[in-house]
2 protein chains.
Amino acid sequence: MDTDNAVVERLLTPAEVATIFRVDPKTVSRWARSGKLNARRTLGGHRRYPENEIWALLDQHQGE
Amino acid sequence: MDTDNAVVERLLTPAEVATIFRVDPKTVSRWARSGKLNARRTLGGHRRYPENEIWALLDQHQGE
DNA sequence: AATCATTAGGGTAATTGGGGAC
DNA sequence: ATTGTCCCAATTACCCTAATGA
């Protein structure tokens, strides 16, 4: 298994992003819908968020 | 000289697909059973997924 | 042959999306 | 203007056993 260990962007669930920012998961969805947050979709329509983007946004809003 | 380098579709295991979409392997099985995902079968009945299709679906559901 | 991780099933909790409203 | 909460339907996660894969 794992024939080709390509670097795939790791995705976070809405709940995980919500925990990181200390907000409600619904708020995370609002961010995504308003374009503030980039998101992939599962085939069922649930959102998955690129981990590196989340951390980048966290750092970016530091010290404000 | 590339005598017999036919383009063979690379197959991914359920666990690999699950990792890519950040879902449970069972969810991938449900996608296959509902026709959302194309799948081949091992002789024992386990599913294998064409890699190309997986990446295409992941990219396709980008945005919004 | 024997071990151990993975998968297919099926059932039942938990999460998520969407919509609007407060 | 942003966030949290409530509702509902759909999707997904976790539980188990038996079979397959390696």
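The residues in region A:11-26 that are surrounded by 13 or more Cβ atoms within 10 Å (Cβ to Cβ) and either near DNA strand D (Cβ under 9 Å from one of its atoms) or in contact (Cβ under 8 Å) with a residue 40 or more places away in the chain (or both) can be counted, and the count is 7.
Within region B:28-56, being within 11 Å of DNA strand D (Cβ to nearest atom), within 28 Å of residue A:33 (Cβ to Cβ) and crowded, with 18+ Cβ neighbours inside 10 Å holds for B:28, B:31, B:37.
Rule-based calculations on the coordinates, nothing more; no lab input. Because the structure is a prediction, the values reported are computed rather than measured. When we count neighbours, we look across all protein chains shown, and the Cβ atoms used for this are built from the backbone with ideal geometry, even at glycine.
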